[in-house]
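Novice: The following block contains the structure, expressed as structure tokens.
The values are calculated or read from the model by the stated rules, or taken from the named source; none is laboratory data. All values derive from a computational prediction rather than experimental measurement. As a convention, Cβ positions derive from the backbone with ideal geometry for all residues, glycine included, and neighbour counts pool all protein chains shown. What goes into the accessible areas is simple: the full protein's heavy atoms, side chains included, and nothing from ligands, DNA or RNA. Shrake-Rupley method; radii C 1.70, N 1.55, O 1.52, S 1.80 Å.
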Amino acid sequence: MTLGTDISGITDIDFALSVVSGRLALAQAILRRLTTPRGQLLGSPTYGYDLLSTVGAPVPASIVRQRVLEQVLAEEEVEDASVTVALANGVLQVSINVEDGEGPFRLTVSGNDLTAQAIIDDNPPFWQ
């Protein structure tokens, strides 16, 4: 399956209306799912899982892993995926191995109560 294009943005659209494509577009789509509370998107009651709301909450890692995997696999371009979850010193780290039509890549999301970051790792880099 060919990876598509979209307007750049994760928690909000890029007001310059920058366009992203390929793996960057897919990674942003996954991150949107993982930062949107379930049911917040009108007409899509199963869209989203607010991953960072689990930091400091008594949610078992197995539930977090299952919910993240559910959201990743819901993206049309994803052919297969696996997820590992770790919580250490108040920092949640989620590693997502994604298989798309171009092969595998890794998306790592980490965060605490104050900040979150995401790293996309593939070889060759998705932006080339």
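Novice: Conditions first: (1) modelled with pLDDT of 90 or more; (2) open to solvent by 20 Å² or more (accessible area, probe 1.4 Å); (3) not hydroxyl-bearing (Ser, Thr, Tyr). GLN128 passes all but one, so which condition is the exception?
Specialist: Answer for GLN128: the failing condition is (1).
Novice: Now, a different point. Out of all the residues in segment 55-87, which are part of a loop (DSSP other than H, G, I, E, B) and either at pLDDT below 90 or in contact with a Cys (Cβ under 7 Å, 6 or more places away or on another chain) (or both)?
Specialist: VAL55, GLY56, ALA57, PRO58, VAL59, PRO60
Novice: Going by the structure shown, is VAL20 assigned to a strand (DSSP E or B), at pLDDT below 75 and aliphatic (A, V, I, L, M)?
Specialist: yes
Novice: Sticking with this one: Quickly run through segment 55-96 and pick out the residues that are farther than 18 Å from ALA118 by Cβ, open to solvent by less than 80 Å² (accessible area, probe 1.4 Å) and of a type in the set (S, T, N, Q).
Specialist: SER62
Novice: Tally the residues that are modelled with pLDDT of 75 or more and in a strand (DSSP E or B), restricting the search to segment 88-118.
Specialist: Residues meeting the conditions: 20.
Novice: Quick one: would you say LEU52 is farther than 15 Å from ARG106 by Cα and open to solvent by less than 80 Å² (accessible area, probe 1.4 Å)?
Specialist: Judged against the criteria, LEU52 is a match.
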